[in-house]
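If you scroll down you'll find the structure; I have some questions about it.
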Amino acid sequence: MENIIINESFSNEDISLFDKLEKKEFESQELLDLKVEAEEITSDSEINDLISYNLIKQNLSYKLPYQIEGAIRILRDLNGSALLADEVGLGKTITSGLVLKECIVRGFVKKALILTPPSLVNQWFHELKDKFDLDFKIIEKESDWDNVSLALASIDRVKIFDKETGDFKHHKAHEISWDILMVDEAHKLKEKNTIRWRFVDRIHKKRFLLLTATPFQNDLFELYNLLHLLKKGHLGTIKEFKKKFLQQGNKRKPLNIKELKAKLDEVMVRRRRSETGIKYMKRIPKIISVELTAKEKEIYDKTCELLKEQYFSAAGNKINGRLIIFALLPKITSSSRSAMESLERISNEEKYHSKTREFAKEILEDYRSLGVDSKMKTLINLIEERLKEAPGEKILIYTKHPTTVNYIIENLIPYKLDITQFRGGLSREEKSDRILEFKKKSQIMICTDAGAEGLNLQFCHTLINYDLPWNPMSVEQRIGRVDRIGQTKDMEIYSLATKDTMEEYVVDLIINKMCCVGLVIGELPIILFNLGLDEEGKSGASKIEERLLNVFLDSKNNLSLFAKGVKEIEKVIKEGMQDYEESNRINKEFLD
């Protein structure tokens, strides 16, 4: 083996790195790399404030000292590698974003990779862009890794293992030397023999940040696996760990608890809400029943028949009912205007069979002859009641479709209300202007789901779901706009639900059993991730949404069968929530 003789000074009094680079005084690339790393380590240890904060402070709603202090501790004391285990609701995304921004500004990081649960990819993307001015590339396919510097990916998308090649499909991630790797909801890495754990372990990284509020799952081997991934050898070998920290090798009975906790504290940053003074207000769910007229109920039943029984191609072949339901049902249940738009398209397109087109035209004519829209009437009555009770009230209305936004505005014009529209595709300046307009002037803001991410509307505490996505994460995103740090009042969450239809059961499941059951913002995504239900299903819809739509199809318009199917989904969610609560209890007992 060739001996390397180091005759370079690494003291701070030595000629500067940049001068030496200019004069080409380094004898080898290896020495240059050592010098750069030594300077990084020296610089890291001297971090006592965030020089990047002034660059992004105007993007943050609040300056929260514990987030800044956490970022400084991770950088200064832990050299950018840590287990960030703050309780849910304290903004681990912001703290880790501060770490990342500081590293980039100081020149420590040029290549960064963030792995998140599938349902949180878009949220991370918008938070990084809007709050930290960081433009990450979302990894969708293998070629996306080429020439990428700031990468963001769903961990479940990129961890896929190809048995034929004996390698990961996204193996290019392992060919890049990352300056920092961050993994959100890292408790899913607690099992060493999983593909997910192996994928993350193979990634080359200088700094490593694991984010989870529940690192301990009542199994000490899982804790060992998580910390072994973060810092090899921190708890010794598995044999040493068993001997020192497990009572007679029992994975559920810790030994030398204080020493184990001390070892954990050496790599962990954890704060509780009670320490920070952060208090979340209650979500008060209010489901508003919409009574259909006899004519509206007839139209509803005929529309269900069209989608389930009368949907044929021009050649006379029955079109895949599941795909049709997934594509059209959300539009048809959004509003009468949105339904008419979809029916008109079906009736005019020649790719459909003449019987299908005629049936669609028939329903369309039924809509045109309607004298009343019960759902719209219910919305107007609700708005009038709220503004009568509190004249200065701010009301946020959500709908899935732009067509419905226009329809609501048209129906509210006679009432002389100040209304702000918020849709997707707005620039940052336009978003800020609309939010300011709503805060200072407007009584109502009507928003599509495309505008649900990244808004801070904690000055509003009344939200109306005119229609409800069957994806609970989309609903959680909506509520998350008002349920934020700085909200000072309990929030009233109104959701319109058509009586004696499937909508009644879906709204009850998502609102009463999932989104408004006392959870803190950010807890539902964790529960769904733990259950594996936050991913996309075969149809491209979320797995919960897909299950609901399948139940709808299988019920064949029998409301009792549909209700039974929804109950089965509710049972799975309830069990997941109980497991999560138990995990929380164990973590508080062990960590706090």
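The values are calculated or read from the model by the stated rules, or taken from the named source; none is laboratory data. Predicted, not measured: the structure shown is a model, and the values here were computed from it. Neighbour counts are summed over all protein chains in view; Cβ atoms, including those assigned to glycine, are modelled from backbone coordinates with ideal geometry.
Go through K318, K361 for me and flag whichever is surrounded by fewer than 16 Cβ atoms within 10 Å (Cβ to Cβ), at pLDDT below 90 and over 30 Å from Q443 (Cβ atoms). Give the derivation first.
Values: K361 fails: at pLDDT below 90.
Sole residue among the options that is surrounded by fewer than 16 Cβ atoms within 10 Å (Cβ to Cβ), at pLDDT below 90 and over 30 Å from Q443 (Cβ atoms): K318.
Test P285 against the criterion of being over 30 Å from N381 (Cβ atoms) and not in a helix (DSSP H, G or I), and give yes or no.
Spelling it out, it is not the case that P285 is over 30 Å from N381 (Cβ atoms) and not in a helix (DSSP H, G or I).
Also, quick follow-up: May I ask you to say which residue of R547, R585 is part of a helix (DSSP H, G or I) and more than 24 Å from L329 (Cα to Cα)? Spell out the reasoning first.
Details: R547 fails: more than 24 Å from L329 (Cα to Cα).
Step by step, each of R547, R585 is checked, and only R585 is part of a helix (DSSP H, G or I) and more than 24 Å from L329 (Cα to Cα).
Inspect segment 476-493 for any residue being hydroxyl-bearing (S, T, Y), within 24 Å of H401 (Cα to Cα) and not assigned by TED's automatic domain parsing to the domain that holds K159 and give the result as yes or no.
Here is the first cut: in segment 476-493, the ones hydroxyl-bearing (S, T, Y) are 488.
If we keep only those that are within 24 Å of H401 (Cα to Cα) too, we end up with none.
Scanning segment 476-493, I find no residue that is hydroxyl-bearing (S, T, Y), within 24 Å of H401 (Cα to Cα) and not assigned by TED's automatic domain parsing to the domain that holds K159, so the answer is no.
Mind checking which residues of segment 89-115 are under 13 Å from L64 (Cα atoms), of a type outside the set (S, T, Y) and part of a helix (DSSP H, G or I)?
Hits for segment 89-115 are K92, I94, L98.
Can you find even one residue in segment 503-513 that is at positive phi, of a type in the set (D, E) and surrounded by fewer than 19 Cβ atoms within 10 Å (Cβ to Cβ)? Don't jump to the end; show me each part of the working.
Narrowing segment 503-513 to residues at positive phi: none.
No, the conditions are met nowhere in segment 503-513.
Having 2 or more residues that are surrounded by fewer than 21 Cβ atoms within 10 Å (Cβ to Cβ) is the bar; report the strands (runs of 3 or more DSSP E) wholly within segment 414-481 that clear it.
On the way: elements: 419-422, 444-448, 462-465.
Per the criteria, 419-422.
Next up: Say we look at segment 200-222 and pick out the residues that are part of a helix (DSSP H, G or I) and in contact with a strand residue (DSSP E or B) (Cβ under 9 Å, 6 or more places away or on another chain); which of these is farthest from Q247 (Cα to Cα)? Give the steps one after another, and end with the answer.
Taking segment 200-222 as the starting set, the residues that turn out to be part of a helix (DSSP H, G or I) are 200-201, 220-222.
Cutting the leftovers down to in contact with a strand residue (DSSP E or B) (Cβ under 9 Å, 6 or more places away or on another chain) gives us 200, 220-221.
Values: V200: 30, L220: 11, F221: 13 Å.
By that ranking, first place goes to V200.
Another one. Considering (1) farther than 16 Å from N587 by Cα; (2) within 24 Å of the chain's Cα centre (by Cα); (3) among the basic types (K, R), say which one K242 fails and leave the rest.
Among (1) farther than 16 Å from N587 by Cα; (2) within 24 Å of the chain's Cα centre (by Cα); (3) among the basic types (K, R), the lone unmet condition for K242 is (2).
OK, next. Between residues in segment 219-232 that are closer than 15 Å to R196 by Cα and in contact (Cβ under 8 Å) with a residue 60 or more places away in the chain and residues that are of a type in the set (G, A, S) and buried (at least 20 other Cβ atoms within 10 Å of the Cβ), which pairs lie under 8 Å by C-beta distance while being six or more apart or on different chains?
Taking only residues 6 or more apart or on different chains, the pairs are L226/A186; L230/A82.
So which of K111, K131 ends up being assigned by TED's automatic domain parsing to the domain that holds L55, under 21 Å from A82 (Cβ atoms) and touching a Ser or Thr at 6+ places or on another chain (Cβ under 6 Å)? Before you say what the answer is, go through the steps one by one.
Working: K131 fails: touching a Ser or Thr at 6+ places or on another chain (Cβ under 6 Å).
Every option except K111 fails the conditions.
Also: Could you say which residue among K351, K416 is in contact (Cβ under 8 Å) with a residue 24 or more places away in the chain, over 29 Å from M281 (Cα atoms) and over 33 Å from the mean Cα position of the chain (by Cα)? Outline the logic, then answer.
Values: K416 fails: in contact (Cβ under 8 Å) with a residue 24 or more places away in the chain.
Just a single option satisfies the conditions, and that option is K351.
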